Amino acid sequence: MSGLHFLKDESGNGTVTVTALVAVAIILTCAVLLWTAATHASMRAASAADLAALAAADTARGLRAGDPCGIAGSVSAENDALLQSCAVEADGTSVRVTVSVPMNFTALDVQLFDATARARAGAPPLDQR
């Protein structure tokens, strides 16, 4: 029995426990930071899509001069977003846009992926009138 005495020794147990707790804390912190970055990018994309669609719809209705999709692209760019698609609907006064915003993980200065958002502005769809 004296040969198995080292198995009952608990020295170093605190070090292992603290190391495990620190590792879990780091993983949880990274997960929260990633979730925050994704939420921020998603909200930026939604705002940029809404603003681009509204500006394009105003242009399509004749309230401002220019090409609706060109205006949507410039409004998207002003909001640090990239216009992915733009379509003026059949009624000629409604516009659908899709924009993307890069999701940056600023803690490591890394771009992970793009958040996308869609928006529509103008008169109600023809099937809902």
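Do we find a residue being loosely packed, with under 15 Cβ neighbours inside 10 Å, under 27 Å from PHE113 (Cβ atoms) and among the β-branched types (Val, Ile, Thr) anywhere in the stretch 65-76?
No; the residues of the stretch 65-76 include none that is loosely packed, with under 15 Cβ neighbours inside 10 Å, under 27 Å from PHE113 (Cβ atoms) and among the β-branched types (Val, Ile, Thr).
ASN104 passes all but one of (1) closer than 30 Å to ALA37 by Cβ; (2) at pLDDT 90 or above; which number fails?
For ASN104, the failing item is (2).
Considering every residue within the stretch 58-72, establish whether at least one is part of a helix (DSSP H, G or I), closer than 18 Å to VAL99 by Cα, touching a Cys at 6+ places or on another chain (Cβ under 7 Å) and among the small types (Gly, Ala, Ser).
Yes, the stretch 58-72 has at least one match.
Could you please tell me which pairs satisfy a Cβ distance under 7 Å, a separation of 6+ or placement on different chains, a first residue in the stretch 62-82 that is at pLDDT below 95, and a second residue that is among the hydroxyl-bearing types (Ser, Thr, Tyr) and outside any helix (DSSP H, G or I)?
Pairs that qualify, where the first residue is at pLDDT below 95 and the partner is among the hydroxyl-bearing types (Ser, Thr, Tyr) and outside any helix (DSSP H, G or I), are ALA81/SER100; LEU82/SER100.
Being part of a strand (DSSP E or B) and either loosely packed, with under 15 Cβ neighbours inside 10 Å or within 14 Å of the chain's Cα centre (by Cα) (or both) is the requirement here; does ARG96 meet it?
no
In this structure, does THR39 turn out to be of a type outside the set (A, V, I, L, M, F, W, C), closer than 17 Å to PHE113 by Cα and loosely packed, with under 14 Cβ neighbours inside 10 Å?
Criteria met by THR39.
The values are calculated or read from the model by the stated rules, or taken from the named source; none is laboratory data. As the structure is a computational prediction, the values presented were derived from the model and not from experiment. Cβ: placed from backbone, ideal geometry, glycine included. Neighbour counts: every protein chain shown.
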